[in-house]
Amino acid sequence: MKIPLILIFTIFISLVYSQGFNYKSPVPNKYQNSYDPNVNITSPLTIHLICHSHCDSGWLKTFNDYFHDDVKYILDGIVENLVSDRSKKFIWSEVGFLEKWWQQTTPNKRSQIVNLVENGQLEFVGGGWVMNDEACPDINSIINQIAEGHQFLADTFNSTKLARPVNGWQIDPFGHNTVTPALLSAMGYKHLVLNRIGNEVKASMRSSNADLQFVWRGNPKTGINSDILAHVLDDHYSFPNSFQSYYVDPRSSFDILLREGDYKRKIYGSPIVMIPMGDDFQFKDAIAQFNQIDSAIAFSKILQLKENSKVIIKYSTLRDYFAELQDHVSSTNHQFNQYVGDFYPYGRKGDWWTGYFTTRPGVKGLARSAQTDYRVAQMLSVYNNNNELSELLRDANRNISVVQHHDGITGTSKQEVIEDYTFRLHDAIKKIGIASSGSIRSLAKISDTYKISSIQNQPIDLQFKLTPIVLVNSLGWNKVDVQSIQINYQQVSPTATQCPVKLMLDSERETDYDCVVLSSNSSVIVELSFRTQVEPLGMTTVFINNEPSSKVKIIRPIVETTQLDIQVRPELKLIFDPITRLLSKVEMNGAAGYRAHTVEDCQHTMKYYYDIGGAYSFVPKNTEAALPKPIVHSSIIPGKFKQVYMTTTSTSKSSFQDLTIAYTIKNSGDNIQDGKFTVDYHIHGENNEDIVSRFITDMPSSQYYTDNGMFLMKRESLPFNGEIAEYTFPTIAMTVLNDTKKTFVCYNDRTRGTSSPKKGEFEFYIHRALLQDDNKGLVEINRDVTWLNAKDQCYFTHGDGSSAANLRKNQLIFENRLHAFSINGQIELSNLNQFSISSKMISEQLPKNVHLLSFEKKGKNYLVRLMNIDDTNTVSLDLNIFIADFFNYQVVETDLTGLEYIDNIIPSPPNFPKTSKNIINGQAINNTPTKTNRISYYTVTMDPYEIKTFLLYTS
């Protein structure tokens, strides 16, 4: 029989104590001076020791290297030590590492870890594939990576409900987003542990008795239904100071924990405290670290027997801690204060961690592209019964999920790790393309002799006379747009006038389109731009016939133009500055909801900050600088359906050599969509510069907003003598200026830092490259001088066009463009129509304020995730519109992951006794109970910004 080590320690220390071993013997001055040395051990104090190992899913090493060098030994040691002593407990967060360990470990260790979960010794916290960043991922990426982690836990530990995470553990992201409590509360989480909050704010929370634990409201529109109890670590997630920095005896180990616990009792306002026992990649030598903890626990038990000590020190989990805290709260009628808002920026004066909002923009853009591709593949999976294709999508989602890590999408990793993240994203996009193509093949019953390929954002080669192009709309609304397809072409004569290819609607009808020939020294690109309308969750097909058109003429760029405007419809004109050839004014006449003729000032400038920060921090040493004495070259691509004004700037400063900015306007036939203009940037990073794109309007009294992925956040413009770095915020998808008369909005294709230097203007941070490390642990300069292609879409609107629902809807339309697939093989004109794929999965389009976050096949059933994007109104929807023509089904509401029935996990309302006081500004918060909407037959009702998830069970 194995005797627990802690019992041996207790017996040994009891013998030593009987010889006069005084627990009050001093600890080193380095530690002792931090706290009151006179701690009353007869006052009740329960210290929960939360043993953990923070294992980054990539940072200084790649995900795989960390696993093989560190994590597998950590998990082996944890299991071995917990099995040998049932008093020991541990928490684990990163499921991606756990899955890799599970695949490589022995059947015996698999059985052991299942038992540890079942008996409560091992708790899964967080439970995502990784510990995601909170500033940079979009909400789909967060939901998918958490759901992937939960799915593995459900499949692997399905014999116990204790495997399901109910406590969040976000201890290392660099600031915290209000989206986190909004999403986690919808997944059934009850509590959330945070850490990295700005120094000044955290100091204020420490000094305000008990505000380090508060009720955080994720969605102010759904009220208490999105509340979660947040616990902020007062210092960091490491072992207490000096606990492991030198050899300490049991007495001193106990003293360190006692003083730490007593300090926390004061600042948390509770005799129930937790102390994190761990750090980055700790417990690789698990037995030694557990031994020191055992000695302190054993000493505390002796004091209970000999000195009437009321101090209890024990191994614990977050479940244990919060359960005991809840009992204490109930018995003392304690009430928590509240908070509505986020915690950005993180850092302190002169050292704000706001650079990572923009660092490695290529990775950020690729991650967003992979996620939108994955969303299309999820939708197409409805037509797929192939398990191999489902496994490809699972693998792709796992690779995308790894990049959501808080040192992944943030760009704050070593170069080799960034390269690994990039490889994972490209691999994911490749697998997503194969899976999507397979689903289209299954739908259209196309034989394997034909190759189906995703052609998103890349020119195609015409290998056959006829090439079908399938366009997929993944949104729940009709999609009206001007679609462009680029073709690699060997040669087009400079004197040719007719388009070298035809764009056909079917075997007989050629549609109207722009045919633009773009030539360079090495290649010729033929771009076809045409109007298209695709039904919600639908598909349509056009055909490229590789023979010259007799109807459509070639359009060639007009180079070195002196023209200073473009206009493709009477409703919208862009006017450019004669010096910079950048946008100056926007003239509207019926576009974007404007009925009267209006000319809006919209001065676009490119600037840079000289930045001596690093991958994490933004430390500008100048207020700003414009392009120095630019040499400007402008060209225009005219057309009926799309016009482009392109400006290339060359200067003596290398950062702006060959900086190209292209403004595009379209003629789709839709007044709202045609009232917008896109801005494409082709640029590379330059040493110690943050390159920004600034828009200046005539809206001096406007309010400035950024986007957290769910709703807009009101922000401050830079105050007099303020630090621009402190007033730089992350924006997931859009930035908005709004006054009483109008709104100016820009959508972005990836997360970026943004700021408002003055009222009526804002700027995006496009690219940055640093020549120094910022001493945050990376120990490597982040000199990213890669070329970058980035895109914005901007427009003015007013009235109903300025509503939250319309702004979000148009952002989603921008982000989720039509996805194109080519079909290659020998096709005759006579049988062309059999390749005309037209389908839809929904009987009518969704209301304008309801967004389909995801629609996918789950085994034999279907998962639907919906969001009310309105900030004011509830909305009801009949779910019978989903694939109702295919079969009958039953509808069950689940949590946000789709894995648990909603009634099993979410109480109504959450039971957190609270005041109405806001912890930051003391203002009152409305605690009026919010009605919990449940599905009635097939009708679902959603509150503003609420997300609901359903399983459609087929019969």
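The values are calculated or read from the model by the stated rules, or taken from the named source; none is laboratory data. Note that the structure is predicted; figures quoted are calculated from it, not measured. For neighbour counting, all protein chains shown are included, and Cβ atoms are generated from backbone atoms with ideal geometry for every residue, glycine included. Protein only, heavy atoms only, side chains kept; ligands, DNA and RNA dropped before computing areas. Shrake-Rupley method; radii C 1.70, N 1.55, O 1.52, S 1.80 Å.
The table for this structure:
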{"read-out": "Cys residues of the chain counted as unpaired, since no other Cys beta-carbon is under 4.7 Å", "value": "51, 55, 136, 602"}
{"read-out": "Calculated on alpha-carbon atoms, Rg and Dmax of the stretch 434-505 in Å", "value": "15.0, 45"}
{"read-out": "Principal-axis tilt of helix 250-268 within the chain, Cα atoms, nearest 10 degrees", "value": "60"}
{"read-out": "Percent carbon-and-sulfur accessible area, the stretch 565-815, ignoring ligands, DNA and RNA, probe 1.4 Å", "value": "52"}
{"read-out": "Per DSSP, loop GluC sites (Glu not before Pro) in the stretch 33-100 with at most 15 further Cβ within 10 Å", "value": "none"}
{"read-out": "Carbon/sulfur fraction of accessible area - the stretch 156-282, other protein chains in place, 1.4 Å, %", "value": "49"}
{"read-out": "Candidate lysines for bridging to residue 621, where Cα separation is under 28 Å - those fewer than 8 sequence places away on the same chain excluded", "value": "202, 349, 364, 414, 607, 629, 653, 714, 758, 759, 776, 791"}
{"read-out": "The stretch 47-342 - share of DSSP beta bridges that are antiparallel (%, nearest 5)", "value": "15"}
{"read-out": "Value of D in µm² per second that Stokes-Einstein yields for the stretch 565-815, Kirkwood Rh from Cα pairs, at 37 °C (0.692 mPa s)", "value": "176"}
{"read-out": "Compactness of the stretch 807-903 as Cα Rg over 2.2 N^0.38 Å, two decimals", "value": "1.41"}
{"read-out": "Fraction in percent of alpha-carbon pairs per bin - 10 Å, the stretch 496-537", "value": "23, 43, 25, 8, 0"}
{"read-out": "Computed [θ] at 222 nm, helices only, for the chain once each DSSP H run of length n ≥ 4 contributes -39500 (n - 2.57)", "value": "-7500 deg cm²/dmol"}
{"read-out": "Surface accessible to a 1.4 Å probe, residue 313 within the full protein complex, Å²", "value": "0"}
{"read-out": "Dipole in debye (nearest 20) - the chain, about Cα centre, beta carbon charges: Lys, Arg +1; Asp, Glu -1", "value": "840"}
{"read-out": "Rounded accessible area of residue 299 (nearest 10 Å², 1.4 Å probe)", "value": "0"}
{"read-out": "Protein-only accessible surface order, largest first, of 334, 819 at 1.4 Å", "value": "334, 819"}
{"read-out": "Order of exposure, largest accessible area first, which applies to 857, 840, 479, 759 with probe 1.4 Å", "value": "759, 840, 857, 479"}
{"read-out": "Angle in degrees between helix 415-444 and the longest Cα principal axis of the chain, rounded to the nearest 10", "value": "60"}
{"read-out": "Simple Cβ-charge dipole of the stretch 565-815, Lys/Arg +1 and Asp/Glu -1, about Cα centre, in debye nearest 20", "value": "560"}
{"read-out": "Solvent-accessible area of residue 351 with every protein chain in place, 1.4 Å probe, in Å² to the nearest 10", "value": "20"}
{"read-out": "Spherically averaged projected area in nm², based on the convex hull that wraps the Cα atoms of the stretch 251-297", "value": "3.7"}
{"read-out": "Mean separation of Cα contacts under 8 Å (6+ apart) over length of the chain, as relative contact order %", "value": "14"}
{"read-out": "Degrees separating the helix 318-332 axis from the principal Cα axis of the chain, which is the longest one", "value": "70"}
{"read-out": "Set of lysines near residue 161 by C-alpha distance (under 26 Å), chain-local residues within fewer than 8 positions excluded", "value": "72, 88, 89, 100, 109, 190, 314, 857, 858, 860, 948"}
{"read-out": "Accessible area (Å², per residue) of the stretch 47-342, counting only protein heavy atoms and a probe of 1.4 Å", "value": "29"}
{"read-out": "Length-normalised contact order of the stretch 286-418 in % [C-alpha pairs under 8 Å, at least 6 apart]", "value": "20"}
{"read-out": "Per-selection metrics, the stretch 361-445 (Cα): Rg and Dmax in Å", "value": "13.7, 46"}
{"read-out": "Proximal aspartates and glutamates to residue 430, defined as alpha-carbon separation beneath 12 angstrom and excluding residues fewer than eight positions away on the same chain", "value": "373, 395"}
{"read-out": "Relative contact order for the stretch 246-355, counting Cα pairs under 8 Å that sit 6 or more residues apart, in percent", "value": "24"}
{"read-out": "Chymotrypsin sites (Phe, Trp or Tyr not before Pro) within the stretch 527-599: DSSP coil, no more than 16 neighbouring Cβ in 10 Å", "value": "none"}
{"read-out": "Accessible surface of the stretch 361-445 [probe 1.4 Å, protein heavy atoms]: carbon and sulfur percent", "value": "49"}
{"read-out": "Alpha-carbon Rg/Rh ratio, for the stretch 47-342, with Rh computed the Kirkwood way", "value": "0.95"}
